[in-house]
Amino acid sequence: MVRSTAKFLTALVGLTFSGQAFAQASDAETTTASVTLAAPIALTETAALQFGQVAKGTTGTNTVTINETNGNRSISGGGNAALVTGGTTGRAAYSVTGQDAATFSITLTSSSINLTDGGTGSLAATLTRSATTGTLTGGTATFGIGGTLTIDNTDATDAAGAYSGDFEVTVAYN
């Protein structure tokens, strides 16, 4: 009986140690995939860019500026044009809606435009953005577009009248 017990214990010890000699050949882990569909980004113009009324001078060149951040209007240059009070002036203003906390870019198709009178008159304007990117806080954000309008007081083709031109603004999620 001692021999049988000894053989049994030897076999048991052998099985125990031989089990430790085998390495794990594979392993698996289950992983979850997820996605959040963001609310569509939307851009709405709330005000147009308006340089207001300007009395064209007879000498030199002037630049009328609309500040892109606050919409204030000013005139500079060596010409004798003057700002006329009355009428509407101000920056173009926009509202953006979309996914809360998302960031977005603001681009202009072109940084300059020509305002025309429908005839031969043409005034060049350079556009400026109040920001190039934004963050949708609570799902909304705002920004503005201002610019500088150049008036050549000696250009006879720029007659008195209303001038206008279009530009395109795009917002996109980053």
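The values are calculated or read from the model by the stated rules, or taken from the named source; none is laboratory data. This is a predicted model, so every value here is computed, not measured. So basically every Cβ, Gly included, is an ideal-geometry build from the backbone, and we count neighbours across all protein chains shown.
Structural remarks
- Residue match in the stretch 111-124 (condition: loosely packed, with under 13 Cβ neighbours inside 10 Å, at pLDDT below 95, among the small types (Gly, Ala, Ser) and more than 30 Å from the chain's Cα centre (by Cα)): yes
- Per-region count, the stretch 44-79, residues surrounded by 14 or more Cβ atoms within 10 Å (Cβ to Cβ) and of a type in the set (Ser, Thr, Tyr): 3
- Across the stretch 22-43, the qualifying residues are those that are at pLDDT 95 or above and surrounded by 10 or more Cβ atoms within 10 Å (Cβ to Cβ), and the one among them that is farthest from GLY144 (Cα to Cα) is ILE41.
- Set GLY161, GLY138, GLY147, GLY165: member being over 16 Å from the mean Cα position of the chain (by Cα) and either closer than 22 Å to ALA101 by Cβ or among the basic types (Lys, Arg) (or both): GLY138
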